[in-house]
Amino acid sequence: MKKRRLIKIYWILLLSGIISFFSLFILTGNGYFGEMPEFEQLENPNTNLATQIISSDGEILGKYYFNDNRTPITYKELPSNLVNALIATEDERFYSHPGIDVRSTLRAIVFLNKRGGASTISQQLARQLFVGVRSRSFAQAVLQKAKEWVLALQIEKRYTKNEIIAMYLNIYDFNNNADGVRSASKIYLNKTPDSLLIEDAAMLVGMLKNSSLYNPLRRPELVLERRNVVFQQMFRNEMISTNELDSLVQLPLNVDYSPESHREGLATYFRAYLQEFMNQWLRENIREDGSKYNLYRDGLRIYTTIDSRLQEIAEQSMDDHMKNLQSEFFAQNKEPDSLNPTPPFRDLREGQVDTLIKLSAMRSERWRKMRLSGNSDDEIWESFQLETPMKVFSWKGEIDTIMKPVDSIRYYKYFLRSSLMSMEPQTGHVKAWVGGFDFKHFQYDQVKQGRRQIGSTVKPFLYATAIDQLKLSPCHTLPDALYCIEPMKHGNIDAWCPKNSSNKYGQTRNLKNALANSINTVSARLMDQVGPKPVVTLMKKMGIKSYLPEVPSIALGTPDISLYELVGAYSTFVNKGIFIEPIFITRIEDKNGVPLFEVIPETTDVLSEEVAYVTLNLLEGVTNYGSGGRLRHAGLEESNYIYKNIITGYPYVFENAIAGKTGTTQNQSDGWFMGMVPNLVTGVWVGGEDRSVHFEDIAFGQGATMALPIWAQYMKNAYLHEDLNISSENFPVPEIVSIPLDCASLRIDSADENKDLKKLGF
């Protein structure tokens, strides 16, 4: 009798449990215990996706995101080792259950989770997408579990097993902005998912248990143990052999932490400018339903023209030379002395320096934030006098220090700034964009945002105008003697009488010689013959939008122009006289690959093919015989201080056709070099943040010393990569060239550069 009663009670309890379970299941599914996702949400889970910036060679340059640095990946892109490790560790019967593993669930109930949990991958995905963090309340946790069961079954109905695996690995937060397996692979291992080794895969799968606890940056020993548990599970499921297991558990963690941030990584200055462009594009372009795109959540794909290989070479070339050049600049500005009592500034009194420093402080982020907080100007300025812990830039790495903010401003004034832009002239595609050498500490972009006087790099526009209007030949000769444009002519009130930088005169020079040596007297004569207006007109047609005064002095490069404009303009000479507006985006797609925007190149016929080619011919003289001749020769590194210590990477010994132009502004405040080969035009600028920050001597401060070595290093390293297809051929010759180019005497007196060195005793 007692036995029968116990059996009855058992069945009552069992049936009650089953009925309760199914009731809970049904009620949860119908939303009695909280809102459940709609069908559309299950079909299209609302996850934030980072916008990707993709290079022309298919690399991800960076991303735009708020909290979710997530880039989706397909199942086909997942390595088999990663999938196997996931299945073995998280859900052994994944391919055989419908979303709920009954066996694991019963085991978890009987042994109270002491012999493993019961959550399947589908349930974990449901929790990540729709349920959220497990509640500490038992009752609430039970309801959450019920929701997971219902949702797991729904997910299994709508997606394949492979799709579920991909979704789960895409949604998981690995910490440190590593949202999803693609970001985790890059941030923790500096790899793409398809290149993960089995030990890499096991580490990432081990982190799925609790990425905060199993964080390889904070608890490497714990992560190592967890990784080896993954190996044990793979062995248990016959995915690896005994020998493989024994070998794998001996391996160290292969962590290569590569944080992804808007201030770090490749092409930071370009990405910052692109963000501004995209913000404007998003304001002007909306979805068909009237809603706006979100740069940080919609997973847009921005396909750029930047080549990641050239970009990396460009950034490294700049770093190499600027470290070297900066070392010399520091050495020449160590302590106040009788020649320069206000380093790093020259030709300024102490009171003028104080004013400059204060103006810089008023433009700072610190000043802006304190002003927004309601502080007065006096209060803000007083705070700049208080010692403050800070991290400052150095070429040997970031320095933790205590410094007055006002002193930090002066400290940063010591650093010379630089920029580089490289463009394919036939397409207008910008291949490299380096707005500076450290975006974290120097955020002003010197490619497009910055404008500086361009010095003698303006002269090719003058010469091209003269060739076009007067049909002058490179062989045409003019006296190298002081020349004045009379008062009240060409917009001048006073007479204009420019001097040569060497202050030497007396020769008769042909145009090729004069341009190669940047002779100002010849430029003055040409300017008087053609007038400034046609020169300005030509420059505007070649894409220069900066203000250009129609006065003779523009022949010496007095206007402030951006490197972006200058590279675009110079590309016209290489592109047979056709100007193409620089292009840095080819198309924009949504997260599903649907095109939203495609660039149509804007072109303008500016010069005849003949005039463009003749100008290039003139510019080849600069690198063959003139101020850019150090690209060709060798041997001075043994005896000359400048070449041994300052001209980074010398000798270069280029033998291919190169057209180029150096540029140096007054007092050596700016150094330029524009270099061209048939399919790549590259410009480089170097100078201080303020015009009063410069080298005292032209030997150190000229464009050939400050800027040319960056170009030379860049091109030298680019030529090592044959897959980049950088041309080493001659510039294409037009079918008809009526202007004489074969001059009997084109020997260039290259002594001018050496005279500057002799003055210094070298």
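Where a number appears in this text, it was derived from the coordinates with a stated rule and is not lab data. Note that the coordinates shown come from a computational prediction; the quantities given were computed from them, not determined experimentally. Because the Cβ atoms are built from the backbone with ideal geometry, glycine has one as well, and the counts that use them run over all protein chains shown.
Among the listed pairs 576/716; 499/540; 292/576; 334/644, those with a Cα-Cα distance over 30 Å are 292/576. In order along segment 512-525, the Karplus-derived 3J(HN,Hα) couplings, from 6.51 cos²θ - 1.76 cosθ + 1.60 at θ = phi - 60°, round to 5, 5, 5, 6, 4, 9, 6, 7, 6, 5, 5, 4, 4, 5 Hz, and Gly and Pro are given as x. For segment 267-327, the C-alpha radius of gyration sits at 1.62 times the compact-globule guess of 2.2 N^0.38 Å, with N the residue count.
For residue 373 and residue 77, the difference between the fully extended length at 0.36 nm per residue and the C-alpha to C-alpha distance is 101.6 nm.
The stretch between residue 482 and residue 256 holds 75.1 nm of extra length on full extension. This uses 0.36 nm per residue minus the Cα-Cα distance. Helix 80-90 sits at what angle to the longest principal axis of the chain, using alpha carbons and giving 0 to 90 degrees rounded to 10? The answer is roughly 40 degrees. All Cα-Cα separations within segment 334-413 were binned at 10 Å from zero, giving a P(r) of 17, 42, 33, 8, 0, each value a whole percent of the pairs.
Annotation: lysines with alpha-carbon distance below 16 angstrom to residue 471 (same-chain offsets under eight excluded): 512.
FRET efficiency for residue 287 and residue 161, Cβ-Cβ distance as r, R0 = 45 Å, nearest 0.05? The partial results should precede the final answer.
Numbers: r = 33 Å, r/R0 = 0.73.
The calculated FRET efficiency here is 0.85.
Here the sum of -39500 (n - 2.57) over DSSP H runs of 4 or more residues, divided by the residues of the chain, equals -12500 deg cm²/dmol at 222 nm, to the nearest 500. Each residue of segment 166-180 was assigned a 3J(HN,Hα) from its phi angle through the Karplus curve 6.51 cos²θ - 1.76 cosθ + 1.60 (θ = phi - 60°); the sequence is 4, 4, 5, 5, 6, 8, 5, 8, 8, 6, 6, 6, 9, 8, x Hz, with glycine and proline shown as x. Charge dipole (Cα centre; +1 on Lys/Arg Cβ, -1 on Asp/Glu Cβ; no other charges) of the chain amounts to roughly 2940 debye. Simple spin-label estimate for residue 331 and residue 596 gives 5.2 nm between the two label positions (7 Å along the Cα-to-Cβ direction from each Cα).
Give me the tail of P(r) for segment 454-759 as a percent: Cα-Cα pairs with distance above 36 Å.
Here the tail beyond 36 Å accounts for 15 percent of pairs.
A Cα-only calculation for the chain places Rg and Dmax at 33.5, 132 Å.
Taking GluC sites (Glu not before Pro) that fall in a DSSP loop and have at most 14 other Cβ atoms within 10 Å as cut points, what is the longest piece of the chain between them? Maximal segment without exposed cleavage sites: 39-237.
Taking residue 186 as the anchor, which lysines have their alpha carbon closer than 17 Å to its alpha carbon, excluding any fewer than eight residues away along the same chain? Reachable lysines: 63.
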